[in-house]
Every structure is written in C-alpha cells, then in structure tokens.
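One structure is given here, and the rest of the page talks about it.
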Amino acid sequence: MTIDLLPGRGVRLPAPLPELPFGLGEDAVRRLLAPHTALLRGGVESPFVCGATWTLAFSLPGVGVLLYAGRAGDGRFSDVGVTRDPRDERPACPVGLHGVDVFGWPAHEVVEALRAGGLPVPDPEGGTLHHDTLRLSRNTPNARPLATGRKPRREPPFTFGSVSLGAAPPPPR
C-alpha cells in the first residue's frame, strides 16, 4: 500500500484506488475517487487553500492527501501534497518518489538515495528541499525539552513529514 509520486505525470494511489494524472478536472477526479470513498477515512473533503481553484482532501493510513488545481488557473489538477498525520494510529502508508520512501528514512538518507537514482536534488536547507516542482519539508515532531543549561552537541537527524509535487510548469508564452 504505497502512494507513488510520479513527476510530470501525477500520483498513483494504493490499489484499488486509481492513478490520478495531472490535467484532470475536478469532476473527473471526483468520479475516479467516488467508488472508493469507503477506503478514505472521513470521505473526500474540499478544504480552502489560498490560490487554488479547487481542492480535494482525504486520509489514508497515517497520511493526509491533498489534490488541487492552482498553478495555471485553468481548473486542472496540477498539484498533490501528502503529509504525515501523527494522530492517525494506523501504520503509515509509504510515500514513494523514484522508488524511495521519502518519509521512511532520515532526510539525509532520502537525499542520498534520490541522488543515487539520478535525481540532482540539493541539500535540504533549514529542513526544506526544493527541486523543480518537488518540495520536501521537515517533520515537526513534538518538541522535547532540553536539560537545563545544556546545549545539544549537534542537530539530531530529521525526517521529512510533508511532500508536494506539481505538474510541469506551463511553457512560456
């Protein structure tokens, strides 16, 4: 049960859910998801996202998924976001990009694996990695208080907890 982010194409949801290619209209996405609403905890919602023409959100085990049309303003599915949901007690659904589980490993290992697979991603600055239409953001775990008067010797490894992928930007006019 893996969510596969498909750069330039869209997102493949875990079977029996459908693959959703970028460029679909809202009605088409709703029709593809409709037979599977029983698998989507809480069903499909339409939250407000500033700048988006439409948005659809649903939950899968351990993650929230957001689909929206926002970039080109033409009402077509253009972006997908997936965020870890620490409140969900179910084992989290892996989120794959080029065969790498982007939430399943420390961020530096994810970056190394993506580079080994040929994707020239930069180092995450301040916990965020941007590459073309891909964005990976730091997981924000519950803060642990430091012992009084002690500074950490080094920043502990962090994981990514949010990823978004957009369709290829439209060609210049």
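Quick notes
For (1) of a type outside the set (D, E, K, R); (2) within 26 Å of residue 139 (Cα to Cα); (3) over 13 Å from the mean Cα position of the chain (by Cα), each residue gets a yes or a no:
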{"site": "12", "(1), (2), (3)": "no, yes, no"}
{"site": "21", "(1), (2), (3)": "yes, no, yes"}
{"site": "29", "(1), (2), (3)": "yes, no, yes"}
{"site": "33", "(1), (2), (3)": "yes, no, yes"}
{"site": "43", "(1), (2), (3)": "yes, yes, yes"}
{"site": "52", "(1), (2), (3)": "yes, yes, yes"}
{"site": "55", "(1), (2), (3)": "yes, yes, yes"}
{"site": "62", "(1), (2), (3)": "yes, yes, no"}
{"site": "67", "(1), (2), (3)": "yes, yes, no"}
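- Qualifying residue in segment 21-38 (condition: of a type in the set (Asp, Glu) and part of a helix (DSSP H, G or I)): yes
- Scanning segment 105-120 for residues that are over 16 Å from the mean Cα position of the chain (by Cα) and farther than 11 Å from residue 159 by Cβ gives 112, 113, 115, 116, 117, 118, 119, 120.
- Residue check, residue 101 modelled with pLDDT under 95 and in contact with a Pro (Cβ under 9 Å, 6 or more places away or on another chain): no
- If you filter segment 39-54 down to residues that are open to solvent by less than 30 Å² (accessible area, probe 1.4 Å) and in a strand (DSSP E or B), you find that the one that is farthest from residue 120 (Cα to Cα) is 43.
- Scanning segment 55-71 for residues that are touching a residue at least 24 places away in the same chain (Cβ under 8 Å), open to solvent by less than 20 Å² (accessible area, probe 1.4 Å) and in a strand (DSSP E or B) gives 56, 58, 60, 63, 65, 67, 69.
- Among the residues listed as 74, 4, the single one being modelled with pLDDT under 95, acidic (Asp, Glu) and either part of a strand (DSSP E or B) or on the phi < 0 side of the Ramachandran plot (or both): 74
The values are calculated or read from the model by the stated rules, or taken from the named source; none is laboratory data. Please read all numbers here as calculations on a predicted model, not as lab measurements. Positions of Cβ are generated from backbone atoms using ideal geometry, with glycine treated the same way; all protein chains shown enter the neighbour counts. What goes into the accessible areas is simple: the full protein's heavy atoms, side chains included, and nothing from ligands, DNA or RNA. Shrake-Rupley method; radii C 1.70, N 1.55, O 1.52, S 1.80 Å.
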